[in-house]
1. Which count do you get for residues in region 1-21 that are in contact (Cβ under 8 Å) with a residue 12 or more places away in the chain and open to solvent by less than 100 Å² (accessible area, probe 1.4 Å)?
2. Only one of these is over 26 Å from residue 163 (Cα atoms), assigned to a helix (DSSP H, G or I) and open to solvent by less than 80 Å² (accessible area, probe 1.4 Å): 24, 75. Name it.
3. Assuming residue 61 fulfils every condition listed in (1) open to solvent by 20 Å² or more (accessible area, probe 1.4 Å); (2) in contact with a strand residue (DSSP E or B) (Cβ under 6 Å, 6 or more places away or on another chain) apart from one, which condition is it?
4. Answer yes if at least one residue in region 114-124 is over 20 Å from residue 30 (Cβ atoms), surrounded by 15 or more Cβ atoms within 10 Å (Cβ to Cβ), at pLDDT below 90 and in contact with a strand residue (DSSP E or B) (Cβ under 7 Å, 6 or more places away or on another chain), and no otherwise.
5. When you scan region 34-49, do you find a residue that is touching a helix residue (DSSP H, G or I) at 6+ places or on another chain (Cβ under 9 Å), under 27 Å from residue 153 (Cα atoms) and open to solvent by 60 Å² or more (accessible area, probe 1.4 Å), even just one?
6. Please specify each residue of region 146-162 satisfying the condition of being small (Gly, Ala, Ser) and assigned to a loop (DSSP other than H, G, I, E, B).
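The values are calculated or read from the model by the stated rules, or taken from the named source; none is laboratory data. Predicted model, so just to flag it, every value in this text is computed and none were measured. Ideal geometry is used to build each Cβ from the backbone, glycine not excepted, and the neighbour counts take in all protein chains shown. Protein only, heavy atoms only, side chains kept; ligands, DNA and RNA dropped before computing areas. Shrake-Rupley method; radii C 1.70, N 1.55, O 1.52, S 1.80 Å.
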Amino acid sequence: YFLKRYAGRSWAYQLKNVFRRSRAFRVWLTNWGFDNRGLPVPRTLILLEERRWRFLKRAYLLTDFQDGAARLVDAWPGLTENDKRHLLVRSAILLGRMHSFGCIHGDTNWENILIRGAPGDNRLLLVDLDCGRITRFLTGKRAERDLRHFERDLLRPQLGCAADRSFFRRLWRRWFTNLFAG
């Protein structure tokens, strides 16, 4: 299991959240929404909030631990060129599907994308949905901002190159254009 603790902040934060949902609760809802749309996220098991007189103190979110999974940024240097290409395809499809469902991850850097399974059967998993949102109408600008996080890591000299970026973009557009088709 993986337990994430959301610490109570200043009294102003606590006052502001007297009648609002906590950040942990919003992450739990986002995680549930992603999972409901078939997007790969860890299963959320428990959400606990500690409140005193409605003032939010701490919150906890318990999810499945992904045993044997590696962060994309850590696994990438040890992969073959064929496996890297395969992962770029899978990433473009995953992010395109996510965006076509109106979902925003908010922080798609390679530390928040896990790889499970053996090389060649790499399954991706999105983690750390603290900045995630599910919107009714997703604009291209919001999707672009989400992609820039992913591409920033792709363009690091030790990880990728510009040719990979254009390949990734072309694939992503194929999966995301259906949002604008209506």
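1. Residues meeting the conditions: 9.
2. Of 24, 75, the one residue that is over 26 Å from residue 163 (Cα atoms), assigned to a helix (DSSP H, G or I) and open to solvent by less than 80 Å² (accessible area, probe 1.4 Å) is 24.
3. (1)
4. yes
5. yes
6. Answer for region 146-162, where residues must be small (Gly, Ala, Ser) and assigned to a loop (DSSP other than H, G, I, E, B): just 160.
So that you can scan it fast, the table gives a plain yes or no per residue for (1) more than 23 Å from residue 38 (Cα to Cα); (2) loosely packed, with under 12 Cβ neighbours inside 10 Å; (3) more than 15 Å from the chain's Cα centre (by Cα); (4) not aliphatic (A, V, I, L, M):
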site: 66; (1), (2), (3), (4): no, no, no, yes
site: 71; (1), (2), (3), (4): no, no, no, yes
site: 83; (1), (2), (3), (4): yes, no, yes, yes
site: 110; (1), (2), (3), (4): no, no, no, yes
site: 130; (1), (2), (3), (4): no, no, no, yes
site: 155; (1), (2), (3), (4): yes, no, yes, no
site: 167; (1), (2), (3), (4): yes, no, yes, yes
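Each row is one residue, and each column tells you yes or no for (1) in a helix (DSSP H, G or I); (2) closer than 29 Å to residue 2 by Cα; (3) charged (D, E, K, R).
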| residue | (1), (2), (3) |
| --- | --- |
| 137 | no, no, no |
| 143 | yes, yes, no |
| 164 | yes, no, yes |
| 167 | yes, no, no |
| 170 | yes, no, yes |
